[in-house]
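The values are calculated or read from the model by the stated rules, or taken from the named source; none is laboratory data. Remember, predicted model here, so these are calculated numbers, not experimental data. Here Cβ is always computed from backbone atoms with ideal geometry, including for glycine, and neighbour counts include all displayed protein chains. Heads up: the accessible areas ignore ligands, DNA and RNA and are worked out on the full protein's heavy atoms, side chains in. Shrake-Rupley method; radii C 1.70, N 1.55, O 1.52, S 1.80 Å.
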Amino acid sequence: MDTSSGTYTAKLIDGPLEGKTVSTGFLDSGDPQPRLEISGDGGKRYVYSRAAGLEFATPGDDRPSAVDYRFIETVFD
């Protein structure tokens, strides 16, 4: 993944979307997003929080190419 474009892969490691990945962007500071809200069917939103797992495409990269996220809650609209 090309982290110079400002995106990385968010790996959803548990919860209702376990095993899925989504592409998302870094904060202006260059850090991964601390929290993700992912839209689901029927007005649901799944809330995930950043976990400890980071993957880098090549050694020495400043930004990760993939970040783990853990399930927090489902919000119903």
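Structure notes:
- Listed values (1) 1.50; (2) 0.97; (3) 1.12 include one computed from this model; for Cα Rg over 2.2 N^0.38 Å that value carries the label (3).
- For S65, the residues whose amide H sits under 5 Å from its own are E55, F56, A57, ignoring neighbours fewer than 5 places away on the same chain, with H placed 1.01 Å from N.
- Split the accessible area of the chain by element, probe 1.4 Å, and carbon with sulfur accounts for 46%.
- Mean accessible surface per residue for segment 14-77, computed with a 1.4 Å probe while every protein chain stays in place, in Å²: 64
- For segment 69-77, putting each phi into the Karplus relation 6.51 cos²θ - 1.76 cosθ + 1.60 with θ = phi - 60° gives couplings of 10, 9, 5, 10, 6, 10, 10, 9, 7 Hz, in residue order, rounded to whole numbers and with x for Gly and Pro.
- Each residue of segment 8-24 was assigned a 3J(HN,Hα) from its phi angle through the Karplus expression (A = 6.51, B = -1.76, C = 1.60, θ = phi - 60°), giving 8, 9, 9, 9, 8, 8, 7, x, x, 10, 3, x, 8, 10, 9, 8, 9 Hz with x at Gly and Pro.
- Among beta bridges that DSSP assigns inside the chain, antiparallel share in %, nearest 5: 85
- Over the chain, relative contact order from alpha-carbon pairs under 8 Å, at least 6 apart, %: 34
- Taking the chain as a Gaussian network of alpha-carbon nodes connected by springs under 10 Å, the highest mean-square fluctuation of the residues S65, S49, S29 belongs to S29.
- For G43, neighbours were defined as the other residues whose beta-carbon sits under 15 Å from its Cβ, and their charges (Lys and Arg +1, Asp and Glu -1) total -2.
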